[in-house]
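So the structure is just underneath, and the comments pick up after that.
The values are calculated or read from the model by the stated rules, or taken from the named source; none is laboratory data. In this text the structure is predicted, and so the values were computed from the model without any measurement. Every residue, glycine as well, gets a Cβ built from its backbone with ideal geometry; the counts of neighbours run over all protein chains shown. Ligands, DNA and RNA are stripped out before the accessible areas are found, and what is left, the full protein with its side chains, is counted by its heavy atoms. Shrake-Rupley method; radii C 1.70, N 1.55, O 1.52, S 1.80 Å.
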Amino acid sequence: MGDEVKKEAPKNFKVTIDNITIEVPPGTTILNAARQIGGDVTPPAMCYYSKLQGSGGKCRTCLVEVAAGSTADPRPMPKLVASCRTTVMDGMVVKNITSDKVTDARNGVVEFLLINHPLDCPICDQAGECDLQDLGYNHGKEGTRYEFKRRTFEKEDIGPYIQLHMTRCILCYRCTYVADQLTNQRVHGILDRGDHAEISTYISKAIDNDFSGNMIDVCPVGALTDKTFRFKNRVWFTKPVEAHRDCSTCCGKVTLWQRGDEVLRVTARKDEWGEVQSYDGKPGWICNTCRFDKKKTSDWVIEGPTKINRHSVISQGHYVGLQKPKETIADVMGGRDPKLLMDIHTISDVNKVELSELPGPATSKTFENGE
Ligand code: SF4
Ligand code: FES
């Protein structure tokens, strides 16, 4: 008695994802642990958005294989799990890109997501910065096995700033969380279920509060796009520039998408996961005035070109200030450089001969004495 019970800080958990081990605080999800490693090890996420409470668990693109549950119970989990909703355990072993089962399941998820989604990338404003387009390239099939009609909807007007293309919606719920958590009244949500589910503003009520434009930024596809930018340009022809202004409503830190001196679009600044950046721990959502009404460079203090730090068609143009995404493949492959995986010298039994040192072309005699 009398001994004081000392409270110890909870120990970090060790988790191994695709052969890379890190330590994270208890309660961290597998997805967020993978984001700390970065690069290809990180599963794609179409519905999870770290700045929106309750997001995740809807799209299944973030599925991973848990090969060992924990040090205490190293049995594998019987099914693939959604990494955005599953927290790590100490000693957990997770497979993402090293698992054939995950690749297979993700291919299936993409096939399902594309069952109703139109392949209208050539006329869609989201093309070039669309998460589903990227997933389609990585996991999509050439054809479709679906023989029924795609879903169609009556056109719905949701106000002067945002264009809704319901046919493109993948029902990730992100926009409804924005409406719920950022604006003072939620005027839209998901109606009906299953094949009939759709987002709606109920009786086409216009979304007119100050932060509604953020729904455009969180939409992973082209279902919600900026009416003031519509059809004006392809995103890869525009130049992203960081700028700020003194704004009494929001943080005022934005990306201007310019063509020459013309500001075609204003968005929040995005991080490498495609989410809005945080400032002092707070998400940098921007208000509708900054987004839709300040379209002159003179409205802004220009900071300089945006550093593109994720795979993006915008970074393909040898863009100034490009930050290459972190490459993790060498770590995943136990230190081997992927370019050398097919190095003939290491995988062939016969080729022990340094061909480059021969005085002339190799003949069958060259290899006669090679073991
Ligand atoms: S409109 Fe976009 S953000 Fe909203 S549920 Fe559909 S896909 Fe998600
Ligand atoms: S990101 Fe995990 S289920 Fe959608």
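Computed with a 1.4 Å probe on the full set of protein chains, the accessible area for Ser278 sits at about 60 Å².
In order along the range 121-129, the phi-based Karplus estimate (6.51 cos²θ - 1.76 cosθ + 1.60, θ = phi - 60°) of 3J(HN,Hα) comes to 3, x, 10, 8, 5, 7, 3, x, 9 Hz; Gly and Pro are listed as x.
Each residue of the range 242-258 was assigned a 3J(HN,Hα) from its phi angle through the Karplus curve 6.51 cos²θ - 1.76 cosθ + 1.60 (θ = phi - 60°); the sequence is 7, 8, 9, 8, 6, 10, 7, 9, 9, 6, x, 9, 9, 10, 9, 9, 10 Hz, with glycine and proline shown as x.
Take each peptide in 266-273, 115-122, count the other Cβ atoms within 10 Å of every residue, and average; sorted highest first, the result is 266-273, 115-122. Kindly list the residues of the range 126-148 that lie in the label zone of Lys155, defined by a backbone N under 20 Å from the point 7 Å along the Cα-to-C-beta vector. Backbone N within reach: 126.
In the range 57-167, what percent of the accessible surface is made up of carbon and sulfur (1.4 Å probe, ligands and nucleic acids excluded)? About 54 percent, which is the carbon plus sulfur part of the accessible surface.
Counting 0.36 nm for each residue step from Ala127 to Asn209 and taking away their Cα separation leaves a gain of 26.8 nm. Indicate the gyration tensor shape class of the range 8-110 (rounded, prolate or oblate), computed on the Cα atoms with a ≥ b ≥ c the square roots of the eigenvalues: a/c under 1.5 is rounded; otherwise a/b larger than b/c is prolate and the rest oblate. Here the range 8-110 falls in the oblate category.
One chain, two ends: Lys296 and Glu327. Fully extended at 0.36 nm per residue, the span grows by 7.4 nm beyond their Cα-Cα distance. Of the peptides 171-181, 49-59, the order by per-residue mean of other Cβ atoms within 10 Å, starting with the highest, comes out as 171-181, 49-59. Amide H to amide H distances under 5 Å link Glu272 with no residue, where only residues 5 or more positions off or on other chains count and H is placed in the peptide plane. Sorting 215-222, 71-78 by average packing, meaning the other beta carbons within 10 Å per residue, from highest down gives 215-222, 71-78. With K and R counted +1 and D and E -1, the other residues having a Cβ less than 13 Å from that of Pro220 yield a net charge of -1. Each residue, Thr98 and Phe112, gets one label point 7 Å from its Cα in the Cβ direction; the gap between the two is 2.7 nm. Mean separation of Cα pairs under 8 Å and 6 or more residues apart, divided by the residue count, gives the range 129-211 a relative contact order of 25 percent. The alpha-carbon of Lys253 sits under 16 angstrom from the alpha-carbons of these aspartates and glutamates, leaving out residues fewer than 8 places away in its chain: Asp210, Asp217, Glu242, Asp271, Glu275, Asp280, Asp293, Asp299, Glu303. Annotation: extensible slack from Lys11 through Asp261 equals 84.7 nm (criterion: 0.36 nm per residue apart, minus Cα-Cα distance).
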